[in-house]
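Here's the structure, in C-alpha coordinates; my notes come after.
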Amino acid sequence: MNVVQRVKDILLKPKETWPAIAAETDDIASVYKNYVVYLAAIPAVATFIGLSLVGIGGFGMHFRVPVVTGLVNMVVGFALTLVMVYVLALIANALAPTFRGEKNLPNAFKLIAYGSTAGLLGGVFNLLPVLSMLGMLAALYSIYLLYTGVPVMMKAPQEKSLAYTAVLIVCGIVAGIIVGAISAMFTGGGGASVMGKAST
(Lines give C-alpha, C1' and ligand atoms only; values in the text may rest on other atoms or scores of the structure.)
Protein backbone atom coordinates (compact mmCIF):
# COMPACT_ATOMS: atom_id res chain seq x y z
CA MET A 1 0.00 0.00 0.00
CA ASN A 2 1.23 3.47 -0.87
CA VAL A 3 0.46 5.46 2.29
CA VAL A 4 0.72 8.88 0.65
CA GLN A 5 -1.59 7.87 -2.19
CA ARG A 6 -4.11 6.34 0.20
CA VAL A 7 -4.10 9.53 2.32
CA LYS A 8 -4.72 11.64 -0.78
CA ASP A 9 -7.48 9.34 -2.02
CA ILE A 10 -9.38 9.11 1.25
CA LEU A 11 -9.17 12.87 1.82
CA LEU A 12 -9.94 14.06 -1.69
CA LYS A 13 -12.32 11.40 -3.01
CA PRO A 14 -13.67 9.36 -0.09
CA LYS A 15 -16.84 8.19 -1.83
CA GLU A 16 -14.77 6.56 -4.58
CA THR A 17 -12.10 5.26 -2.20
CA TRP A 18 -14.27 3.43 0.37
CA PRO A 19 -15.43 0.75 -2.12
CA ALA A 20 -11.79 0.10 -3.04
CA ILE A 21 -10.93 -0.27 0.66
CA ALA A 22 -13.88 -2.62 1.19
CA ALA A 23 -12.61 -4.83 -1.64
CA GLU A 24 -9.13 -5.14 -0.13
CA THR A 25 -8.26 -8.29 1.81
CA ASP A 26 -5.88 -6.64 4.30
CA ASP A 27 -6.28 -7.89 7.85
CA ILE A 28 -6.16 -5.74 10.98
CA ALA A 29 -2.46 -6.37 11.59
CA SER A 30 -1.45 -5.27 8.09
CA VAL A 31 -3.56 -2.09 8.26
CA TYR A 32 -1.89 -1.27 11.58
CA LYS A 33 1.58 -1.98 10.18
CA ASN A 34 1.17 -0.34 6.78
CA TYR A 35 -0.99 2.66 7.65
CA VAL A 36 -2.06 3.38 11.21
CA VAL A 37 1.42 3.46 12.78
CA TYR A 38 2.53 6.16 10.35
CA LEU A 39 -0.54 8.34 10.86
CA ALA A 40 -0.53 7.86 14.65
CA ALA A 41 3.09 9.01 14.80
CA ILE A 42 2.24 12.43 13.34
CA PRO A 43 0.40 13.95 16.34
CA ALA A 44 2.73 12.22 18.82
CA VAL A 45 5.95 13.53 17.25
CA ALA A 46 4.49 16.95 16.43
CA THR A 47 3.29 17.40 20.02
CA PHE A 48 6.74 16.50 21.34
CA ILE A 49 8.42 19.01 19.04
CA GLY A 50 5.84 21.69 19.75
CA LEU A 51 5.82 21.42 23.53
CA SER A 52 9.40 20.35 24.29
CA LEU A 53 11.45 22.02 21.54
CA VAL A 54 9.39 24.99 20.35
CA GLY A 55 7.50 25.72 23.54
CA ILE A 56 4.54 27.91 24.40
CA GLY A 57 5.00 31.66 24.68
CA GLY A 58 2.93 34.70 25.42
CA PHE A 59 2.77 37.81 27.59
CA GLY A 60 6.55 37.88 27.87
CA MET A 61 6.78 34.32 29.15
CA HIS A 62 7.98 31.13 27.49
CA PHE A 63 7.37 27.57 28.66
CA ARG A 64 8.73 24.23 27.44
CA VAL A 65 7.85 20.75 28.64
CA PRO A 66 11.05 19.01 29.82
CA VAL A 67 12.45 16.79 27.06
CA VAL A 68 12.23 13.54 29.05
CA THR A 69 8.60 14.28 29.99
CA GLY A 70 7.91 15.16 26.36
CA LEU A 71 9.40 11.88 25.15
CA VAL A 72 7.32 9.88 27.63
CA ASN A 73 4.22 11.80 26.53
CA MET A 74 5.06 11.08 22.89
CA VAL A 75 5.42 7.31 23.43
CA VAL A 76 2.33 7.06 25.64
CA GLY A 77 0.28 9.21 23.25
CA PHE A 78 1.36 7.10 20.27
CA ALA A 79 0.53 3.83 22.03
CA LEU A 80 -2.85 5.07 23.27
CA THR A 81 -3.78 6.26 19.78
CA LEU A 82 -3.12 2.74 18.48
CA VAL A 83 -5.29 1.34 21.26
CA MET A 84 -8.07 3.88 20.56
CA VAL A 85 -8.30 2.83 16.92
CA TYR A 86 -8.95 -0.77 17.94
CA VAL A 87 -11.37 0.13 20.75
CA LEU A 88 -13.43 2.33 18.41
CA ALA A 89 -13.41 -0.46 15.80
CA LEU A 90 -14.86 -2.83 18.41
CA ILE A 91 -17.54 -0.25 19.21
CA ALA A 92 -18.32 0.33 15.53
CA ASN A 93 -18.62 -3.41 14.97
CA ALA A 94 -20.87 -3.92 18.01
CA LEU A 95 -23.16 -1.06 16.94
CA ALA A 96 -23.66 -2.33 13.38
CA PRO A 97 -26.83 -4.38 13.97
CA THR A 98 -28.42 -1.47 15.86
CA PHE A 99 -28.27 0.53 12.63
CA ARG A 100 -29.21 -2.40 10.38
CA GLY A 101 -25.63 -2.91 9.36
CA GLU A 102 -23.51 -6.06 9.25
CA LYS A 103 -20.95 -6.95 11.91
CA ASN A 104 -17.51 -7.30 10.36
CA LEU A 105 -14.55 -6.46 12.61
CA PRO A 106 -11.91 -6.11 9.86
CA ASN A 107 -14.20 -3.70 8.00
CA ALA A 108 -14.99 -1.82 11.21
CA PHE A 109 -11.27 -1.49 11.86
CA LYS A 110 -10.65 -0.16 8.37
CA LEU A 111 -13.54 2.29 8.80
CA ILE A 112 -11.97 3.76 11.93
CA ALA A 113 -8.38 3.57 10.70
CA TYR A 114 -8.98 5.31 7.39
CA GLY A 115 -11.78 7.51 8.70
CA SER A 116 -9.37 8.94 11.28
CA THR A 117 -6.94 10.12 8.61
CA ALA A 118 -7.88 13.81 8.67
CA GLY A 119 -7.80 14.05 12.46
CA LEU A 120 -4.45 12.32 12.76
CA LEU A 121 -2.94 14.40 9.97
CA GLY A 122 -4.27 17.52 11.70
CA GLY A 123 -1.92 16.65 14.55
CA VAL A 124 0.86 18.24 12.48
CA PHE A 125 -0.42 21.62 13.69
CA ASN A 126 0.88 20.69 17.14
CA LEU A 127 4.34 21.55 15.81
CA LEU A 128 3.39 25.11 16.71
CA PRO A 129 1.23 25.05 19.84
CA VAL A 130 -0.40 28.32 18.85
CA LEU A 131 -1.85 26.55 15.80
CA SER A 132 -2.97 23.37 17.57
CA MET A 133 -6.64 24.42 17.45
CA LEU A 134 -6.47 23.99 13.66
CA GLY A 135 -6.01 20.28 14.33
CA MET A 136 -9.51 20.21 15.80
CA LEU A 137 -10.87 21.65 12.57
CA ALA A 138 -9.11 18.90 10.65
CA ALA A 139 -10.70 16.36 13.00
CA LEU A 140 -14.13 17.59 11.93
CA TYR A 141 -13.41 16.32 8.41
CA SER A 142 -12.87 12.86 9.87
CA ILE A 143 -16.53 12.92 10.89
CA TYR A 144 -17.45 13.31 7.22
CA LEU A 145 -15.06 10.50 6.27
CA LEU A 146 -16.74 8.17 8.76
CA TYR A 147 -20.17 9.21 7.49
CA THR A 148 -19.25 8.35 3.90
CA GLY A 149 -17.60 5.08 4.98
CA VAL A 150 -20.35 3.63 7.19
CA PRO A 151 -22.70 2.50 4.36
CA VAL A 152 -19.85 0.89 2.44
CA MET A 153 -17.85 -0.72 5.23
CA MET A 154 -20.65 -1.70 7.63
CA LYS A 155 -23.45 -2.15 5.06
CA ALA A 156 -25.73 0.19 7.02
CA PRO A 157 -28.57 1.84 5.04
CA GLN A 158 -27.79 5.40 3.95
CA GLU A 159 -30.62 6.79 6.08
CA LYS A 160 -29.00 5.25 9.18
CA SER A 161 -25.50 6.52 8.43
CA LEU A 162 -25.86 9.90 10.13
CA ALA A 163 -27.15 8.41 13.39
CA TYR A 164 -24.53 5.64 13.28
CA THR A 165 -21.77 8.21 12.77
CA ALA A 166 -23.11 10.47 15.54
CA VAL A 167 -23.13 7.61 18.06
CA LEU A 168 -19.60 6.65 17.01
CA ILE A 169 -18.42 10.22 17.57
CA VAL A 170 -20.00 10.36 21.03
CA CYS A 171 -18.39 7.03 21.93
CA GLY A 172 -15.09 8.32 20.58
CA ILE A 173 -15.29 11.47 22.70
CA VAL A 174 -16.01 9.45 25.85
CA ALA A 175 -13.20 7.02 25.05
CA GLY A 176 -10.89 9.97 24.31
CA ILE A 177 -11.60 11.49 27.73
CA ILE A 178 -10.86 8.19 29.42
CA VAL A 179 -7.66 7.73 27.42
CA GLY A 180 -6.64 11.33 28.20
CA ALA A 181 -7.07 10.63 31.89
CA ILE A 182 -4.97 7.47 31.62
CA SER A 183 -2.31 9.39 29.69
CA ALA A 184 -2.27 12.11 32.34
CA MET A 185 -1.54 9.52 35.02
CA PHE A 186 1.62 8.52 33.16
CA THR A 187 2.77 11.91 31.93
CA GLY A 188 1.21 14.52 34.16
CA GLY A 189 -0.80 15.89 31.23
CA GLY A 190 -1.53 15.43 27.54
CA GLY A 191 -3.67 12.80 25.95
CA ALA A 192 -4.38 11.04 22.76
CA SER A 193 -7.30 10.81 20.48
CA VAL A 194 -7.94 8.89 17.37
CA MET A 195 -9.53 11.85 15.61
CA GLY A 196 -6.80 14.25 16.63
CA LYS A 197 -5.50 15.81 19.76
CA ALA A 198 -8.34 16.52 22.19
CA SER A 199 -11.05 15.69 19.65
CA THR A 200 -12.57 12.57 18.20
What is the spin-label model distance, in nm, from residue 29 to residue 13 if the labels are put 7 Å beyond Cα along the C-beta direction? 3.3 nm
Solvent-accessible area per residue for the stretch 5-57 (1.4 angstrom probe, square angstrom): 48 Å²
For helix 37-48, report the angle its Cα long axis makes with the longest principal axis of the Cα atoms of the chain; keep it between 0 and 90° and round to the nearest 10°. 20 degrees
Mind pulling the angle between the C-alpha long axis of helix 105-115 and the longest principal axis of the chain? Nearest 10 degrees, somewhere in 0 to 90. 50 degrees
Which three semi-axes in whole Å describe the equivalent ellipsoid of the chain, each the square root of 5 times a Cα gyration tensor eigenvalue, listed largest first? 31, 16, 15
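Quick check: convex hull of the Cα atoms in the stretch 31-141, volume per residue, rounded to a whole Å³? Intermediate values should be presented prior to the final figure.
Values: hull volume 10.8 nm³, N = 111.
Given the Cα convex hull of the stretch 31-141, per-residue volume reads 98 Å³.
On a 23 Å Cα-Cα criterion, which of the cross-link pairs 8/103; 33/160; 15/160; 103/160; 13/110 come out too long?
8/103; 33/160, as the Cα separations exceed 23 Å there.
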Taking only protein heavy atoms into account and a 1.4 Å probe, give the accessible area per residue of the stretch 95-138 in Å². 42 Å²
Once the convex hull of the alpha carbons of the stretch 9-74 is built, what does its volume come to per residue, in cubic angstrom? 111 Å³
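For the chain, give the percent of accessible area contributed by carbon and sulfur heavy atoms, probe 1.4 Å, rounded to a whole number.
Details: 6840 of 9470 Å².
In the chain, the share of accessible area belonging to carbon and sulfur is 72 percent.
The values are calculated or read from the model by the stated rules, or taken from the named source; none is laboratory data. Since this is a predicted model, take the numbers as computed values, not measurements. For neighbour counting, all protein chains shown are included, and Cβ atoms are generated from backbone atoms with ideal geometry for every residue, glycine included. These accessible areas exclude ligands, DNA and RNA; they are computed on the full protein's heavy atoms, side chains included. Shrake-Rupley method; radii C 1.70, N 1.55, O 1.52, S 1.80 Å.
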